[in-house]
Every structure is written in structure tokens, then in C-alpha cells.
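Everything below concerns the one structure shown next.
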Amino acid sequence: MNVGITTRPCGNLLISPDILSPPPTKKQPDVVDRTGDALVREIIASYIAGFNVIELVPKQITSEQKQTIRQITHKLIGPEIIEETDDSMIVQDMQNPVELSLHTSVQRMYLVASSIQTDAIHAMASSDSDLAIDVSNMDDEVDRLYLLIEKQLRIMLRSGQVIDSKKDMTPDISLDMTLAAQPIEKIAYHAKKLRLSQ
């Protein structure tokens, strides 16, 4: 069995199972008769819970469900549709949680949300429809980052290990970063609404 050795900021060594290759986790959510927002919530819940593979295998999957799954997969960081048949779809998360730090994700969220706020005000003042569309697209980027941060925190809490590319990350800093991400996501959302109210 491989083990990982991590140096903590206090100088202690943490010896744990190999954190670079977490075992894949699989979920088969019940999506029979689920469409639209209910299906989107089910996929997002499975993603945030940290499942690496989401198998959608109802007795028959409709074209509307497939389209919804494709759309939400494109709005998440990591998941890709790796298999699709007439009656099933398999979504696999290709992103390794160790590769992206919470600090970098929150910082990116802040920069994008700040840009959304500035651009929304400018789009409203100048009636710039192209800039207004860009604001909407940037809000999607903030949402993607926020969901990734939620997922990373849940994986850390469940495993008891700090899985982050920054070696000085601790559980309390991870929680602080996630709490900081919440108002940033709300700022981006309300800035987008400001643009839509023109």
C-alpha cells in the first residue's frame, strides 16, 4: 500500500493513504422522471458530494434528459461524458482535486466577480449589449468555481486530509476559503441581475 507524507505548517508529519490517487467513487442517482431543474440539482449534488463517476442508467433516458446532462456537465469543472448509449450516460470527473488550490479558486472568483460588477455597471450606463452578454458568461465562471470549491471542501472533510496543491493549507484555512467564496458568488449573482434589470 502506498502512503502519502505531508508536512504540516506546524512541522508535524501527516502519514496517510496515498492522496494523489484517491479511489474512484461511483453514484447511480435515480433520474427516472426527473427533468429540468430537478435533474440539474441531482447532478450538481452528486458532483459536490465528490463522486468521480455518475452513472445515469434509468430504464430509458430521454433526449431532453440527455440535453440537460450535457448542459450541466459543461457548466462544471472536471466532469466529462465518457459514455453515452440510448439508455444510459456515464459522467466522469477528470479533474484531480490536488491540482487546484482553494486559495487560487477563491482568488479567481474574486477577480471575475469584481470584473462582473464593473462591467455590469458599465453595460447598464452605456447600454452595451455585447458587454451585458459577457457579464452573463462571466457569472457562469464564478458559479463553476464556487461548485468546485464546495466539492473540494467536502472531499477534505470526508477524507480527513487536506487535499490541496498548496502545502500550507490547513483544515481551518480551507473552511475560511469556502466561507469567503459564498459572498463572492452572491456579489457576482447580484451584479448579473443589475445588468439584467436595464
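Kindly indicate whether any position in segment 91-102 is assigned to a helix (DSSP H, G or I), surrounded by 18 or more Cβ atoms within 10 Å (Cβ to Cβ), touching a residue at least 40 places away in the same chain (Cβ under 8 Å) and in contact with a Ser or Thr (Cβ under 8 Å, 6 or more places away or on another chain). So far as segment 91-102 goes, yes, one or more of its residues are assigned to a helix (DSSP H, G or I), surrounded by 18 or more Cβ atoms within 10 Å (Cβ to Cβ), touching a residue at least 40 places away in the same chain (Cβ under 8 Å) and in contact with a Ser or Thr (Cβ under 8 Å, 6 or more places away or on another chain). When Asn137 is tested against (1) open to solvent by 30 Å² or more (accessible area, probe 1.4 Å); (2) closer than 18 Å to His74 by Cβ; (3) at pLDDT 85 or above, exactly one condition is not met: (3).
Considered as a group, the residues in segment 115-136 that are of a type in the set (S, T, N, Q) and in contact with a helix residue (DSSP H, G or I) (Cβ under 8 Å, 6 or more places away or on another chain) include one that is farthest from Leu148 (Cα to Cα), and that residue is Ser129.
Does Met109 satisfy the condition of being touching a helix residue (DSSP H, G or I) at 6+ places or on another chain (Cβ under 6 Å), modelled with pLDDT of 85 or more and either open to solvent by less than 50 Å² (accessible area, probe 1.4 Å) or within 17 Å of Lys192 (Cα to Cα) (or both)? When the stated conditions are applied, Met109 passes them. Is one or more of the residues making up segment 30-38 in a strand (DSSP E or B) and open to solvent by 20 Å² or more (accessible area, probe 1.4 Å)? For segment 30-38, residues in a strand (DSSP E or B) and open to solvent by 20 Å² or more (accessible area, probe 1.4 Å): absent. In the condition set (1) open to solvent by 10 Å² or more (accessible area, probe 1.4 Å); (2) in contact with a strand residue (DSSP E or B) (Cβ under 7 Å, 6 or more places away or on another chain); (3) of a type outside the set (A, V, I, L, M, F, W, C); (4) outside any strand (DSSP E or B), Tyr47 is compliant with all but (1).
Scoring His122 on the criteria (1) surrounded by 14 or more Cβ atoms within 10 Å (Cβ to Cβ); (2) closer than 29 Å to Ala45 by Cβ leaves a single failure, condition (2).
Conditions tested, residue by residue: (1) open to solvent by 60 Å² or more (accessible area, probe 1.4 Å); (2) not in a strand (DSSP E or B).
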residue: Lys59; (1), (2): yes, yes
residue: Glu64; (1), (2): yes, yes
residue: Leu76; (1), (2): no, yes
residue: Glu83; (1), (2): yes, no
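The values are calculated or read from the model by the stated rules, or taken from the named source; none is laboratory data. Just so it is clear, the structure is predicted and the values come from calculations on it, not from any experiment. With ideal geometry, Cβ positions are generated from the backbone for all residues, glycine too; neighbour counts draw on all protein chains shown. The area values use the complete protein model at the heavy-atom level, side chains included, leaving out ligands, DNA and RNA. Shrake-Rupley method; radii C 1.70, N 1.55, O 1.52, S 1.80 Å.
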